[in-house]
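To keep things clear, I will list the structure first and then write my remarks on it.
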Amino acid sequence: MGAAAAPVSPEETRAFLERRYRVAIGAVAPLGAGAWSRAYRFDRDGARWVIRWSDLADNFARDAFAARFARADLPIPAIIDLGQDRLGYFAVSRFVAGEDYEELPAARLRDLLPSLLATLRALRRVDLAGTAGFGIWDGTGAGRSSSWHAFLLDDLDTSPGSLIRGWRARLATSPLGSGIYDALWQRFTPLVARCPNARGLVHSDLLNHNVLARDGRITAVLDWGSSLY
């Protein structure tokens, strides 16, 4: 799921939900946590929902925008409530049943392949009308780079929208060091001109509990925080 997940407890989450919706909320059950968010399941008005907490607002805004790309083969849960509380940024969506597809046993993964491939094809066919730019995009659907080439050649770790600022300094002081990166960068940059400057939608994180499956079908593609054009 995609800076550290907000440390909001189930009890705090339940109290927040009851304040916000002014109804009694049953048990709040943790669904898991990733690098950027923490998720809980809860029941309200006879339906099952999910609330996620984060220290970052941008990822939830991108999730809300990404819902417009949804289609039968590309299921993206809509965000129905989005905002900020003293506990952190939150996003609420309908609960979608499913298992992490990367953890399925081999036989069930083989059964899932037709649906998974259909989802990948649907990603390639997404209509990007109403969006602009390349690279990482914001909650309005605007890419932050002027071209695909510009995005590929931007290796500054202070770029707007970067979730991993400061990686250059950490790399330089790591056991690996930055020498290998610098050598590869010199080989990489001349090849960029060969890349087509075509726009398409890339999720960029189809692992890490971000794709759910059930009964041989993809049921949800989650967390668009790393997505780019």
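The values are calculated or read from the model by the stated rules, or taken from the named source; none is laboratory data. Computed from a predicted structure; not experimentally measured. Here the Cβ positions follow ideal geometry from the backbone for every residue, glycine too, while neighbour counts run over all protein chains shown. Surface areas here come from the heavy atoms of the whole protein model, side chains and all, with no ligands, DNA or RNA. Shrake-Rupley method; radii C 1.70, N 1.55, O 1.52, S 1.80 Å.
Values computed for the structure shown
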{"item": "Most positive-pole-ward Cα, V126, W49, I25, against dipole of the chain from beta carbon charges", "result": "V126"}
{"item": "Per DSSP, loop trypsin sites (Lys or Arg not before Pro) in segment 17-61 with at most 11 further Cβ within 10 Å", "result": "R22"}
{"item": "Computed label-point distance, nm, for sites Q186 and S174 using a 7 Å Cα→Cβ extension", "result": "2.1 nm"}
{"item": "Dipole magnitude of segment 17-169 about its Cα centre (Cβ charges: Lys, Arg +1; Asp, Glu -1), debye to nearest 20", "result": "300 debye"}
{"item": "Built amide H within the under 5 Å cut-off of L31, gap 5+", "result": "A39, Y40, R41"}
{"item": "Amide H contacts under 5 Å for S147, placed H, 5+ residues apart", "result": "F134"}
{"item": "Stretch gain in nm, segment A70-L82, where the contour uses 0.36 nm per residue and the Cα spacing is subtracted", "result": "2.5 nm"}
{"item": "Segment 138-229: C-alpha pair distances exceeding 18 Å, %", "result": "62 percent"}
{"item": "Helix-only [θ]222 nm of the chain, DSSP H runs n ≥ 4, -39500 (n - 2.57) each, per residue, nearest 500", "result": "-8000 deg cm²/dmol"}
{"item": "Mean accessible surface per residue for segment 106-229, computed with a 1.4 Å probe while every protein chain stays in place, in Å²", "result": "58 Å²"}
{"item": "Identified option (computed Cα extents along the principal axes in Å; candidates [x] 55, 47, 38; [y] 57, 44, 31; [z] 60, 41, 38)", "result": "[z]"}
{"item": "Solution diffusion estimate, µm²/s, Stokes-Einstein, segment 82-157, Kirkwood Rh from C-alpha pairs, 25 °C, viscosity 0.890 mPa s", "result": "148 µm²/s"}
{"item": "Relative contact order %, segment 17-130, counting alpha carbon pairs below 8 Å whose residues are six or more apart", "result": "18 percent"}
{"item": "Within the accessible area of the chain (1.4 Å probe), percent carbon and sulfur", "result": "55 percent"}
{"item": "A220 long-range amide H proximity, modeled H, under 5 Å", "result": "L212"}
